1. Determine if the range 64-72 includes at least one residue that is basic (Lys, Arg) and assigned to a loop (DSSP other than H, G, I, E, B).
2. Exactly one condition in (1) surrounded by fewer than 10 Cβ atoms within 10 Å (Cβ to Cβ); (2) not in a helix (DSSP H, G or I) is false for Leu28; which is it?
3. Can you tell me how many residues in the range 43-94 are of a type in the set (Val, Ile, Thr) and either surrounded by 10 or more Cβ atoms within 10 Å (Cβ to Cβ) or in contact with a Lys or Arg (Cβ under 8 Å, 6 or more places away or on another chain) (or both)?
4. Could you give every pair whose Cβ atoms fall below 9 Å, whose first residue belongs to the range 61-81 and is among the hydroxyl-bearing types (Ser, Thr, Tyr), and whose second residue is not in a helix (DSSP H, G or I), counting only separations of at least 6 or pairs across chains?
5. Return the pairs, sorted by first residue and then second, in which the second residue is surrounded by fewer than 10 Cβ atoms within 10 Å (Cβ to Cβ), the first residue lies in the range 32-50 and is without any contact (Cβ under 8 Å) to a residue 40 or more places away in the chain, the beta carbons are less than 7 Å apart, and the residues are 6+ apart or on different chains.
Amino acid sequence: MNKTAVVRARIQPELKEDVEAILSPLGLTLSEAVSLFLHQIKLRRGLPFALTLPEPNAVTRRTFEDTDAGRDIDTYPDLDALFTALDEAAYAPD
């Protein structure tokens, strides 16, 4: 006799409904899909898809390079001075 364990997960209701609507025409329940997912993790000894971070764009890369080189770095004596400068920059006319 097959035994089963209960797995509980907090899922946004709309996400659950959307996924169930996709799985239904495939003849799968959400429980069956989760079971398939877990089996794939076991077989692959990891997630069945790649987890990657997006590549930084050119502006972000240039900012990293400038920061590493010590260029265009502003310093402040304390947090109040930093927040004042941020507020001034945010509300400065263009």
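No lab work stands behind these numbers, since they all come straight from the coordinates. Quick caveat, the model's predicted, so the values are computed rather than measured. Positions of Cβ are backbone-derived with ideal geometry, glycine not excepted, and every protein chain shown enters the neighbour counts.
1. Within the range 64-72 (the criterion being basic (Lys, Arg) and assigned to a loop (DSSP other than H, G, I, E, B)), the answer is yes, since at least one residue qualifies.
2. (1)
3. Narrowing the range 43-94 to residues of a type in the set (Val, Ile, Thr): 52, 59-60, 63, 67, 73, 75, 84.
From what's left, either surrounded by 10 or more Cβ atoms within 10 Å (Cβ to Cβ) or in contact with a Lys or Arg (Cβ under 8 Å, 6 or more places away or on another chain) (or both): 60, 63, 67, 84.
Residues meeting the conditions: 4.
4. From the range 61-81, the pairs are Thr63/Pro56; Thr63/Asp72; Thr67/Ile73.
5. Hits for this filter: Val34/Val7.
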